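No value in this document is a laboratory result; all are computed from the given coordinates. Here the structure is a predicted model, which is why all the values come from computation and not from measurement. Here the Cβ positions follow ideal geometry from the backbone for every residue, glycine too, while neighbour counts run over all protein chains shown.
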Amino acid sequence: MLELYDISKRYRDKLALTDIFLELDVGVYGLLGPNGAGKSTLMNIITGNLRPTGGRVLWNGTEIDALGAQYRALLGYAPQQQGMYDAFSGRRFLSYMATLKGIPGREQPEEIGRVLKRVNMTAEAGRPIGTYSGGMKQRLLIAQAILGDPKLIILDEPTAGLDPRERVRIRELISELSENRTVLVSTHVVSDIETIADEIILLKSGEIVDCGSVEELCEIHGAASLEDVYMRLFGEEGEDGPSCAV
């Protein structure tokens with residue numbers, strides 16, 4: 001279980017996160033909110049790329065700073081598209097990432113083959129990344145995130161900029177990956193998460209404004225759909241601090 005207690009983050013005079021309490025077990029969790037809500041900041045704190053100004057992040061009751069490499073070994077993270085090497089083939093990129101993750105060279109061919117098959121990229125693995133579509137690059141980023149069979153997977157805007165067909169493929173993949181894992185997906189696109197998330201966390205201006213299943217949120221807010229809930233809370237379409245134990 002991933003636990004966040006009283007997480008805050010300040011950048012000079014700007015408070016990016018305020019009093020975040022979360023408990024995430026196995027399943028898919030959607031972190032939903034408009035651009036600038038603090039979603040990426042929260043994810044970077046969970047992955048250890050940022051230190052919070054206040055509060056604690058725990059995995060199974062132990063602070064992630066104390067777990068160190070043990071925590072990083074059970075974590076898979078796919079940031080928004082960046083850091084891709086266009087001249088690398090997909091397979092070479094995965095080998096590079098596997099090395100960074102400490103996967104021994106003798107184990108890499110089998111492990112890389114496993115994740116390529118999981119994201120349906122085996123046939124394209126020898127091509128340069130620069131020739132990939134946006135959806136293929138996103139699937140490759142997810143492939144590197146699941147190297148080593150992590151128990152906690154963090155995906156930051158995994159469908160950003162993709163066409164509808166690619167978005168469906170990514171959604172199906174995320175749903176498949178959630179078995180026996182905790183998967184946290186950040187997005188501002190309601191349709192990308194409402195059909196696959198076990199729980200939705202709604203974030204605005206660095207604070208959790210509500211959380212629960214799609215059905216619970218619709219009932220609480222008297223809404224016909226998650227899109228309606230989003231509109232009522234954020235005053236805009238979702239197409240492009242309280243505590244919460246979920």
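Calculate, for ARG106 and ALA224, the FRET efficiency according to 1/(1 + (r/R0)^6) with r their C-beta to C-beta distance and R0 45 Å; round to the nearest 0.05.
Working from the Cβ atoms, E equals 0.25.
Classify segment 105-236 as rounded, prolate or oblate from the Cα gyration tensor: take a ≥ b ≥ c as the square roots of its eigenvalues, call it rounded if a/c is under 1.5, otherwise prolate when a/b beats b/c and oblate if not.
Prolate is the answer for segment 105-236, as a/c is 1.5 or above and a/b outweighs b/c.
Give me the net charge of ARG127's neighbourhood, meaning all other residues with Cβ under 14 Å from the Cβ of ARG127; Lys, Arg count +1, Asp, Glu -1.
Once positives and negatives cancel, what remains is +2.
Summing Lys, Arg as +1 and Asp, Glu as -1, what charge do residues with Cβ under 14 Å from the Cβ of ASP210 carry, ASP210 excluded?
With Lys, Arg at +1 and Asp, Glu at -1, the net is -4.
Can you tally the net charge around LYS117? Count Lys and Arg as +1, Asp and Glu as -1, for every other residue whose Cβ sits under 13 Å from the Cβ of LYS117.
For residues surrounding LYS117, the net value is 0.
Would you order PHE21, PHE93 from fewest to most other beta-carbon atoms within 10 Å of each residue's own beta-carbon?
Fewest-to-most Cβ neighbours within 10 Å comes out as PHE21, PHE93.
Find how much the distance from GLU176 to GLU215 grows on full extension, using 0.36 nm per residue of separation minus their present alpha carbon separation; answer in nm with one decimal.
11.9 nm
Suppose we keep just the alpha-carbon trace of segment 30-183; what are its Rg and Dmax in angstrom?
Here Rg and the maximum Cα pair distance are 15.6, 46 Å.
Using Cβ contacts closer than 10 Å as the measure, can you line up CYS218, CYS211 from fewest to most?
So the residues, fewest neighbours to most, are CYS218, CYS211.
Considering just Cα atoms, how many Å³ per residue does the convex hull of segment 83-150 enclose?
77 Å³
Just in segment 161-198: which GluC sites (Glu not before Pro) are loop by DSSP and have at most 11 other Cβ atoms within 10 Å?
Those that pass, being in a loop and sparsely packed, are GLU179.
Counting other beta carbons within 10 Å of each residue's own, what order do LEU94, LEU74, LEU140 fall into, fewest first?
Going from sparsest to densest Cβ surroundings: LEU74, LEU94, LEU140.
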